[in-house]
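The values are calculated or read from the model by the stated rules, or taken from the named source; none is laboratory data. Not measured: the values here are computed from a predicted model. With ideal geometry, Cβ positions are generated from the backbone for all residues, glycine too; neighbour counts draw on all protein chains shown. All accessible areas refer to the heavy atoms of the entire protein, side chains included, with ligands and DNA or RNA removed. Shrake-Rupley method; radii C 1.70, N 1.55, O 1.52, S 1.80 Å.
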Amino acid sequence: MAKDEINAFLGVGTTYRGRLDFTGSVRVDGVFEGEVESEGTLVVGREAQVSGAVRVGELILGGTLEGDVQASKRVVLHKSARFKGTLTAPSLSVEEGAIIEGQVCMASAISAQAE
């Protein structure tokens, strides 16, 4: 499987509540409520709404996310992103137009995993 290949997809119009554990990359374009845990990449599309605790290697946010995020590698917020909560990551990229409401902690990968 290619590094940036999506191996699971939650489409527009889909709602899921619960816990999601995965390897590789997962894209959410629907509604997700619950917990996400992975060393991989979570891609949240422009129309997506995610709420809960997210612990991933990398987060790419284009939609709405409310909750606590811990990323061990990096977080990318596109201009359409709306984040509310607590975000901890060693690397953060924010496009002009993205909205952040809450707390951001830039921590090394080691200290982010220890929390």
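Here the simple spin-label model places points 7 Å from the Cα toward Cβ, and for Ile99 and Glu35 these points are separated by 2.9 nm.
For semi-axes √(5λ) of the Cα gyration tensor in Å, the value calculated from this model appears in (i) 26, 14, 12; (ii) 19, 16, 13; (iii) 34, 24, 12 under label (ii).
When the surface is traced with a 1.4 Å probe over the full set of protein chains, Lys79 keeps roughly 130 Å² accessible. Take the chain with all the other protein chains still there, run a 1.4 Å probe, and you get 54 Å² of accessible area per residue.
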